[in-house]
2 protein chains.
Amino acid sequence: MKRIAFIGLLFLGFQVTAQSVQSPSKQITLNFSLSKNGNPTYEVSYKNKPIVLNSRLGVKLKSGGDLTADFSIDSVRQRTINETWKPVLGEQSNIKDNYNELTIALSQKTTGRRINIIFKAFDEGVAFRYDFPKQAKLDYFIISDEMSEFNLTGDHKTFWIPGDFDSQEYAYNETKLSEINTEKIDLNNGIGLKSIAGKHVIQSPLMMKSTDGLYLNIFEAAVVNYPIMHLDLVPNEFKLKSRLVPNAIGDKAYLQAPCVSPWRTIMISDDARDIVSSKMILNLNEPSKIEDTSWIKPMKYVGVWWEMHVGKSTWDYAGSQNAQNAADGQLKPTGKHGATTENTKRYIDFAAKNGFDGVLVEGWNVGWEDWFGNWKEDVFDFTTPYPDFDLKAVNDYAKSKGIKMIMHHETSGSVANYERHLDRALELMKKYGYPAAKSGYVGRIIPRGEFHDGQTLVNHFNFVARRFADYKLMVNSHESSRPTGYSRTYPNYIAAEAARGTEFNGWSNGNPPMHETILPFTRLLGGPMDYTPGIFEIKMNHYDPKKTEQVHTTLAKQLALYVTMYSPLQMAADLPENYDRYSDAFQFIKDVAVDWQDSKYLEAEPGDYLTVARKDKHSEKWFLGAITDENARRTKVSLAFLTPGKKYRAIIYQDGKKAHWQNNPKSYEIIAKTVTYKDFIQLNMAAGGGTAISFEPIN
Amino acid sequence: MKRIAFIGLLFLGFQVTAQSVQSPSKQITLNFSLSKNGNPTYEVSYKNKPIVLNSRLGVKLKSGGDLTADFSIDSVRQRTINETWKPVLGEQSNIKDNYNELTIALSQKTTGRRINIIFKAFDEGVAFRYDFPKQAKLDYFIISDEMSEFNLTGDHKTFWIPGDFDSQEYAYNETKLSEINTEKIDLNNGIGLKSIAGKHVIQSPLMMKSTDGLYLNIFEAAVVNYPIMHLDLVPNEFKLKSRLVPNAIGDKAYLQAPCVSPWRTIMISDDARDIVSSKMILNLNEPSKIEDTSWIKPMKYVGVWWEMHVGKSTWDYAGSQNAQNAADGQLKPTGKHGATTENTKRYIDFAAKNGFDGVLVEGWNVGWEDWFGNWKEDVFDFTTPYPDFDLKAVNDYAKSKGIKMIMHHETSGSVANYERHLDRALELMKKYGYPAAKSGYVGRIIPRGEFHDGQTLVNHFNFVARRFADYKLMVNSHESSRPTGYSRTYPNYIAAEAARGTEFNGWSNGNPPMHETILPFTRLLGGPMDYTPGIFEIKMNHYDPKKTEQVHTTLAKQLALYVTMYSPLQMAADLPENYDRYSDAFQFIKDVAVDWQDSKYLEAEPGDYLTVARKDKHSEKWFLGAITDENARRTKVSLAFLTPGKKYRAIIYQDGKKAHWQNNPKSYEIIAKTVTYKDFIQLNMAAGGGTAISFEPIN
């Protein structure tokens, strides 16, 4: 279904300097205007309340003069789009894309150069981008700065992480806009590589709440051939400005007209559920460029991974991080290597027994002795296994059990080296039948001077997705720049990490209980996250009495995360032996779907709680996940999402009565009951707790 | 044959601060000493005359303290090497490697860090390198500067080109050391991209002549995982210092101990022929790492190339450099495209008729509309031909005629893009049977901020050679960093340009007549050059009456260059129709060998003249080339190099009596005579002229 209504195309023979566009609901209005000097500006209101005050637009160029002023309006075009599309994998099988669009065609009076600014008004927010049309006077150009401003109206509450060009793996800070200061937070939180951009530079998506109860979110969509946008704040004026990530020599973006910038997005609602359920970011991306998507499949997997994080085994084969021995080629096994043929077979057996799709193995390939923190270029070749990992035997065994192996490509940040080897790496995957790979980018980037969030790296991550697609392979990137909806265009880019994941709980001060209530309002807006939940042995002293680290949730909340943290790729991250000890709780992970027909966000408050129900794409089963922050929470939710006339067997996995994330995290109880769409269910969540429910039709 | 004599290994229990080593001939002496502050220094003398005065050694590190002072000597080792080895391709079938070696093991008193300085004294010069042994106190490190000095004794005559991190395609300047100034020369000489390092920075190899008639040459060998070394001059003190090419963020080299620096070389002789015939640079490189070298073969070739330089046809298919049309995908042929199937077949026919091995075709692949000067990343994919170039038909036709096609990989400086596509490009070559490729690096480097001469690019060129070797393919790089003997280690790196080649004569002020008398003393010391000689239509007004450009030699000198400019890859660069008009002179190009059993440098004076005789590797034929600069030259050379007892039919291709490079360049005469080793031949060379002679045994 595609409906496009052209409202009008206006060529202006007289001096018009203002235009506006409204959301289909008419609750959001965006006004565009040119200042006296011909500066393009915009402002946004919601239900007649100002949201974004008059804010400048435009870009500065490295040479040839800026595109920020001296403009007049050549033409104005409005149109309405109302269509739906079907994602290959997703939270729902149909996505509505409905907006009013305003295109302002501008030309610079003295130079004659032209740009278009395109605005889209959706019911849940607005978006704009710069469009550089084909023209003789603008061919190749270099963006030195983007001037897009977001001038806010008050001292909103924010959930922010520092503007770091190399990492988003931070825990969120909950402060007022005026209190944002990257120098006043603890940066010693397990992040090895930091490139902090400044005292008042923060990352997007930036989730906010105004004192009068409005939810705001500033982000971007369709970052293709452009750097990631961070945000510069003038704290006491509540002004934000685009801060593009530079390259090795300080330039921002190398472009050639015709081309477009990413979309800058501002979501607005008085109901937080509108933000968390929005598909605006996906809608602003291009449709799938892969024609045959039949090979793109969701996956639930286990893997040789958490056992390294908890110190039970190692990625490397020959003594942890003894670089010079590795340089000598003296690989003497320590006996602690995790990725052995034998250990992998144990995971394959476990996966097969429990109905998983895949097994990930990290540390299978030569290079781990010397991989981290050295800014080393030739770390891995992505094709040579350690002597104790028999590629063929492992894959033959997996095949005999109906299990797919998931390849692992750690690059150590050496992108140059990875690109050099990529075709060979993918050919190896095809040879053995791997359907997907997890990639990693721990460490300083090579080409040296580049950042994880710069245009070079954005292009790399997108290139890798396309190259994987050439081979009909899926990819899940870790430590990449955070996604902005490119998985719509390349749905084989099945997931990414690009935020603070579960692993930090293993060896740092970890992820505070509110962490997972914020991610759906921030990181997850850009695409699925491989959060790797499912940790049952919450406390690391299970492995070593001296350890004090722990996961900051209850066990029940770990189950709920499979529903609240949407991803078509979900790991059951804990060790097989741990799941065997809690097989009743493990049943939920075995049962839960990973691809969805529909999703209903029942309750949402960033930093506090989230409750969502999702219907399996391929059955009538529903699953519900509810999580809370550090505060216990009792709530009653309606089951009206269930199909009328059907009875369901609900299995409720909830915190034990005395459960608490810190002192008693493994206390849970499982209750079965029969329910219909008319029922309500009482959810009782412990501090740092959650509830997971499966609903199976029984008639 | 390998003879190694250990002269001694001395562990020092007492304070020794000076050591020396002599060349096998004992004419060169190198003295090493530590200053009072523990600075390592050296000095060099030749026949008891000082050549290099006390000069500092050492490197500065980005962190952890410099390796320049505070040293004491731990041990001293001397040994003698006298061996011969057989190059796969070369100027001679056996190369002698004979030197005395001195290794000074140093440790820093306060840090305990260790370095070794290794000196080699050959009969034609000395070399030294830094050796960083495996040690706990020095693992990964970053070199921020190299302090190697070359403090000379007087105001020598020099042949220099400016220190440019991106290009060596300059004509040489002949001035005294004290007169070197890059701001006083014409830099508008056809070079598109310049990164001039400073007023007094020049390139190596630096060829010099002292007022008392000594020939000196400063260069380097075995540049592997290290940047190219340029030279900083203090003009009035005659002091030179290593100037390493930086990377995008100003660092010089990223290393991990154990490792070594390249060799720094100082050649010295009172006979210029000792410099030009020296194999010191090759000897300082590692032996071939390719075991089976049977597929590495010399090649004489023609190609679709010069016709683009003279403006007869174009590389691009769709309108010269109309970038935005190309971006639209609107490829409309102009009718001037050179690389058509039909035109290629014409060259194949010509190559087959005249006994050539190969045909190069430039402009065969999509991307040339938009390739140059834009710092564009995704220029070429190296696999997609233009619609009028039928890869299969061309290669089938070539095969049917016994001709090998030579692939062309222009990267436009976008190294990142080339590496991304390299495996696919090489697989395409294997599919169609291409044995070799010419690569090109015109334009600013991507990764942006890197230079052609930095460590990143050195590593790239060496990586490409290794990757080609994986596929048993040969490579000939243009616009690469200048070679330093790596073709010994990877003999499939068959040639490089990396200096001002013939093409500059087509569209710039060209190469002055002395140019080819200097290159053998400079660029060619590092390895074979694809100079693309053989231009018969000397003046560009042949193609367009308005053109004033011309080759700055006579036609006869063009023939002589096939002997004076050693390369196992030699192009007959002019158009087939031009050769057809001068088929008697063309006979020399058809006859001349490209791989040699022996070479005898008969006369040599940098900037003035060169005469060399070479014996074909696979027959008893000899060939002689003699060239002069802008001055006419008459000389009598002995044929004593010929085999006693044999008679030879000598065919002499010489300048006509009134020939002159500028006014009458195409005047030549061909004389046949019978000669023996007892004879002398009178060579009469016009201004900018030369003589080529073939000697075929007739008994």
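Just so it is clear, none of the values below were taken in a lab; they were calculated from the coordinates. Everything numeric in this text was worked out from a predicted model, so none of it was measured. Glycine also receives a Cβ, built like all others from the backbone with ideal geometry; neighbour counts cover every protein chain displayed.
For region A:2-283, a crude dipole built from +1 on the beta carbon of Lys and Arg and -1 on the beta carbon of Asp and Glu, taken about the Cα centre, is about 860 debye to the nearest 20. Bridges between two residues of chain A, per DSSP, are antiparallel at a rate of about 85%.
Projecting the Cα atoms of B:298, A:531, B:519 onto the charge dipole of the protein assembly as shown, computed from C-beta unit charges around the Cα centre, puts B:298 farthest toward the positive end. Every Cα-Cα pair of region A:648-699 was included, and the share exceeding 12 Å stands at 62 percent.
Annotation for residue A:507, label-to-label distances across the other copies: 5.5 nm (shortest first, one decimal, point 7 Å from Cα along Cα→Cβ).
When a/c reaches 1.5 or more, the comparison of a/b and b/c decides; with that in mind, is region A:66-114 rounded, prolate or oblate per its Cα gyration tensor? Prolate. List the aspartates and glutamates whose Cα lies under 14 Å from the Cα of residue A:49, skipping any in the same chain that are fewer than 8 positions away. Cross-link targets: A:212, A:270.
Calculate, in whole percent, how much of the Cα-Cα pair population of region A:2-283 lies beyond 27 Å. Summing the P(r) of region A:2-283 above 27 Å gives 41 percent of all pairs.
Annotation for region A:118-193 versus region B:654-694: alpha-carbon center distance of 73 Å.
Using just the C-alpha positions of region B:377-469 as equal point scatterers, what log10 of I(q)/I(0) does the Debye formula give at each q in 0.11, 0.12, 0.15 1/Å? Computed log10 I(q)/I(0) values: -0.35, -0.41, -0.61.
For peptide A:251-264, the mean count of partner chain Cβ atoms within 10 Å of a residue's Cβ comes to 2. Our summary gives region B:200-257 a relative contact order of 30 percent, counting only alpha carbon pairs under 8 angstrom and 6 or more residues apart.
Between residue B:189 and residue B:539, the simple label model (points 7 Å from Cα in the Cβ direction) yields a spacing of 2.4 nm.
Can you give the net charge of the other residues whose Cβ lies under 14 Å from the Cβ of residue B:577, counting K and R as +1 and D and E as -1? Every neighbour counted, the sum reads -1. To the nearest ten degrees, helix A:415-432 and the longest principal axis of the Cα atoms of chain A are 50 degrees apart.
Taking the DSSP beta bridges with both ends in region B:299-592, the antiparallel portion is around 5 percent.
To the nearest 0.05, what FRET efficiency results for residue B:472 and residue B:60 with a Förster distance of 41 Å applied to their C-beta separation? Efficiency, rounded to the nearest 0.05: 0.45.
Pairwise alpha-carbon distances in region A:249-400 exceed 24 Å for 58% of all pairs. Three principal axis extents describe the C-alpha atoms of chain B; from largest down they are 77, 67, 50 Å. Across identical copies of the chain, residue B:26 has label-point separations of 10.8 nm, listed in ascending order, with the point defined 7 angstrom from Cα along Cα→Cβ. Ranking B:562, B:105, B:41 by how far each Cα lies toward the positive end of the dipole of chain B (charges on Cβ) leaves B:105 at the top. For chain A, relative contact order (Cα pairs under 8 Å, six or more residues apart, normalised by length) works out to 11 percent. Dipole size of region B:53-135 about its Cα centre, with +1 on Lys/Arg Cβ and -1 on Asp/Glu Cβ: approximately 420 debye, rounded to the nearest 20. From its DSSP helices (H runs of at least four residues, each -39,500 (n - 2.57)), chain A gives a residue-normalised ellipticity at 222 nm of -4500 deg cm²/dmol.
Extending 7 Å from Cα along the Cβ direction at residue A:93 and again at residue B:179 yields two label points whose distance is 8.6 nm. The same position residue A:178 in the other copies lies at 7.1 nm from this copy, comparing label points 7 Å beyond Cα toward the beta-carbon, shortest first. Sequence-ordered 3J(HN,Hα) estimates for region A:153-158 from the Karplus curve with 6.51, -1.76 and 1.60 and θ = phi - 60° stand at 9, x, 8, 5, 6, 10 Hz, glycine and proline given as x.
Remark: the Cα gyration tensor places the protein assembly as shown in the prolate category, a/c being 1.5 or greater and a/b exceeding b/c.
Cross-linked pairs A:621/A:673; B:134/B:241; A:557/A:666; A:62/A:199; B:176/B:279: Cα-Cα separations exceed 20 Å for B:134/B:241; A:62/A:199; B:176/B:279. Amide H contacts of residue A:151: A:53, A:240, each under 5 Å away and 5 or more positions distant or on a separate chain (H built 1.01 Å from N in the peptide plane; Pro and chain starts excluded). Judged by the ratio a/c of the largest to the smallest principal axis of the C-alpha gyration tensor, region A:299-592 counts as rounded, that ratio being less than 1.5.
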